[in-house]
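Take a look at the structure below.
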Amino acid sequence: MTSENGKVYIVGGGPGDPELLTLKAKRIIESADVVIYANSLVHPSVVDFARPGAEVHGSQSLSLDEIMELVIQAVRQGKTVARIQSGDPAIYGAILEQMRVLEGEGIDYEIVPGVSSAFAAAACLKAELTAPEISQTVIMTRAEGRIPMPPGEQLRDLAAHGCTLVIFLSIPRMAKIARELRAAGYAKDTPVAVVYRVGWPDEKVIRGTLANITAKVRAAKITRQALILVGRALDSALRRPDPSGDTQASSHLYSKNYTHLYRRSEAKSKPSGAATRGKSAR
């Protein structure tokens, strides 16, 4: 895929499972002249789509300068570069630094979205993160560590909303997270799920509550590459049919009494009894 002017694609490689690549991501990887991937986070089977003869570089041990030197050199030779990031590049992808270099060099580039580990984890858990009447808001964040959070974005601030939380890059601080969330108002029985290496063959799921998740994570010896999800929307009981017909946590989308653009409610589409009798009388 060599042309007079090279181009860079910053590609979302998904959470691990190569079948979760988008069709566009797969096409770009298959046709790229140079493939550079975060081999500590991107499953190697994703790179197996690279064509024979393509240059393939793992970036795990490379500095930003070394990565961008590979990119710039290839583009100046008229080559197409696929820079594969894990998950979706927009979420903790560290792509701003790369974009600044590309902008400074006047290099054409495009960002190709991917499946975030947040949504792969939700699928794995069979959870709707925005469960009606339970939580209509999802906050994606991380716990404060060596790098401070911006003002107002500490976990205790965000926890005040009481909504679904997806916490990245923070599993070593599980105990602190549980304490802060409980102090901020989350009940001790709030459901928590930790998903380790979602989409990889060694994927592991740990379910618990704020009261016991720290001990469970410690027992499983999970210290990295795990996502933490917190909130009532994770309660597996929400999936069970209710014999009473209770409509709690049900979307209005399917309600017989709800009108939307493509379907009128049954109450509005059927004439009332009085109107029917009146027509019959005439």
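The values are calculated or read from the model by the stated rules, or taken from the named source; none is laboratory data. Everything quoted here is computed from the prediction, not taken from an experiment. Heads up, the Cβs are rebuilt from the backbone with ideal geometry, glycines too, and the neighbour counts pull from every protein chain shown.
Selection within the stretch 59-79: residues that are under 27 Å from the mean Cα position of the chain (by Cα) and not in a helix (DSSP H, G or I). The member of this set that is farthest from residue 38 (Cα to Cα) is 63.
So in the stretch 168-202, with the set limited to residues that are touching a residue at least 60 places away in the same chain (Cβ under 8 Å) and out of contact with any Gly (no Cβ under 7 Å at 6 or more places or on another chain), which one is surrounded by the most Cβ atoms within 10 Å (Cβ to Cβ)? Can you show your working first?
Looking only at the stretch 168-202, we keep the residues that are touching a residue at least 60 places away in the same chain (Cβ under 8 Å), and these are 168-169, 193, 195, 197-200.
Applying the additional criterion that residues be out of contact with any Gly (no Cβ under 7 Å at 6 or more places or on another chain) yields 168-169, 193, 195.
Working: 168: 18, 169: 17, 193: 21, 195: 25.
Only one residue fits best here, namely 195.
Reported count of residues in the stretch 80-101, each being part of a helix (DSSP H, G or I), closer than 17 Å to residue 38 by Cβ and not acidic (Asp, Glu), is 4. When you go through (1) within 28 Å of residue 40 (Cβ to Cβ); (2) at pLDDT below 95 one by one for residue 156, which number turns out not to apply? The failed condition is (1).
Scanning for something in a loop (DSSP other than H, G, I, E, B), surrounded by 13 or more Cβ atoms within 10 Å (Cβ to Cβ), in contact (Cβ under 8 Å) with a residue 40 or more places away in the chain and not basic (Lys, Arg), does the stretch 143-160 turn up at least one residue?
Taking the stretch 143-160 and keeping what is in a loop (DSSP other than H, G, I, E, B), we get 143-154, 160.
Narrowing further to those that are surrounded by 13 or more Cβ atoms within 10 Å (Cβ to Cβ): 143-144, 149, 153-154.
When the remaining residues are screened for being in contact (Cβ under 8 Å) with a residue 40 or more places away in the chain, the result is none.
No.
The set of residues in the stretch 123-133 that are modelled with pLDDT of 95 or more and not in a helix (DSSP H, G or I) comprises 125, 126, 127, 128, 129, 130.
Determine whether residue 82 is hydrophobic (A, V, I, L, M, F, W, C) and either in contact with a Gly (Cβ under 6 Å, 6 or more places away or on another chain) or loosely packed, with under 14 Cβ neighbours inside 10 Å (or both). Answer is no for this residue.
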